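A.B. asks: Here it is, the structure, as structure tokens.
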Amino acid sequence: MPQFWRGEGGNGFRVRYCAPGERPTEPREADLVFVDERPFAVLEWSEVGAATVSVELDPAKLRPADASGRLYDYSGRVIDRR
């Protein structure tokens, strides 16, 4: 799995998603990073700034949610394996 560091690139992207078993009206949010154009939701950062839990997203299910281009909606389910 790729290693991410908080603040690396300073992109400020966020992604809204639903976890399995949750109602679609109650989305969660996570940091969104891109590695070689592949999107990942970062669910947890360590105290030293490394991403400790990340999930690769299907780019076909990722859509911009606002005009700023910083917030995305993800139509797939994100499984948190913690």
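The values are calculated or read from the model by the stated rules, or taken from the named source; none is laboratory data. From a predicted model like this one, the values you see are computed outputs, not experimental measurements. For neighbour counting, all protein chains shown are included, and Cβ atoms are generated from backbone atoms with ideal geometry for every residue, glycine included.
A.B. asks: Do the conditions hold for residue 41, that is, is it small (Gly, Ala, Ser) and surrounded by 14 or more Cβ atoms within 10 Å (Cβ to Cβ)?
C.D. replies: yes
A.B. asks: Moving on to the next point. Working only within the stretch 24-64, note down all residues that are among the aliphatic types (A, V, I, L, M) and at pLDDT 80 or above.
C.D. replies: 30, 32, 33, 35, 41, 42, 43, 55, 57, 60, 62
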